[in-house]
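Scroll down for the structure; my scribbles are underneath it.
The values are calculated or read from the model by the stated rules, or taken from the named source; none is laboratory data. Please read all numbers here as calculations on a predicted model, not as lab measurements. Neighbour counts are summed over all protein chains in view; Cβ atoms, including those assigned to glycine, are modelled from backbone coordinates with ideal geometry.
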């Protein structure tokens with residue numbers, strides 16, 4: 001687990017908030033804390049690869065919250081949406097009395113949960129990429145699905161998709177190229193949407 005110490009000038013004398021987040025959104029959390037001058041937020045990241053193994057998220061978060069409290073943290077926020085846990089993360093958060101990011105997954109809170117829900121019918125055949133997934137497409141999509149070893153499985157996994165939608169947090173020509181390459185690899189159309197940090201920014205500021 002990684003700990004990050006933020007050096008941005010402090011805007012208010014706020015009580016520390018210990019944020020336990022998915023490593024896949026670490027860059028974005030840090031970017032928001034610097035942009036909004038939120039040095040009272042201290043970030044702890046759990047393994048980003050759990051993005052591909054959501055059954056590990058709820059027990060991992062429970063352990064992290066318990067350990068953080070044992071180490072003196074009094075305000076804790078969980079930087080995960082449901083993220084494929086099927087409600088198990090909510091059960092952990094309710095039992096421990098902590099709040100998590102609203103929404104079903106990072107694609108939704110980056111888009112803005114209301115906006116994402118309103119596009120749900122149009123996006124039912126879309127495969128989403130964030131900046132992180134564009135950057136780590138091989139490690140977090142190709143390898144976990146075994147496509148590097150069994151490329152013939154591509155059409156089995158993605159045959160019902162029509163397009164890759166790249167939800168961009170920070171405009172970067174290199175990431176744009178990687179996202180397009182991912183769409184080409186999957187044999188899907190490509191769509192670009194700039195989201196910024198969406199509801200992640202709103203909720204971190206609200207802390």
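Worth pointing out:
- Qualifying residue in region 192-203 (condition: part of a loop (DSSP other than H, G, I, E, B), surrounded by fewer than 17 Cβ atoms within 10 Å (Cβ to Cβ) and in contact with a helix residue (DSSP H, G or I) (Cβ under 9 Å, 6 or more places away or on another chain)): no
- Residues that are farther than 14 Å from residue 200 by Cα number at least 2 in the following helices (runs of 4 or more DSSP H) confined to region 18-96: 57-70, 88-96.
- Region 63-74 residues that are free of Cβ contacts under 8 Å to residues at least 12 places away in the same chain and assigned by TED's automatic domain parsing to the domain that holds residue 88, paired with ones that are assigned to a loop (DSSP other than H, G, I, E, B) and surrounded by 13 or more Cβ atoms within 10 Å (Cβ to Cβ) (beta carbon under 6 Å, 6 or more apart): none
- In the set (1) assigned to a loop (DSSP other than H, G, I, E, B); (2) farther than 23 Å from residue 54 by Cβ; (3) touching a strand residue (DSSP E or B) at 6+ places or on another chain (Cβ under 7 Å), residue 161 fails one condition alone, (2).
- Selection within region 164-187 - part of a loop (DSSP other than H, G, I, E, B) and within 16 Å of residue 106 (Cβ to Cβ): 169, 170
- Count of region 141-158 residues, restricted to those that are within 21 Å of residue 106 (Cβ to Cβ) and in a helix (DSSP H, G or I), is 4.
- For region 162-189, a residue qualifies if it is under 18 Å from residue 116 (Cα atoms) and either buried (at least 17 other Cβ atoms within 10 Å of the Cβ) or without any contact (Cβ under 8 Å) to a residue 24 or more places away in the chain (or both), and the qualifying residues are 164, 165, 166, 167, 168, 169.
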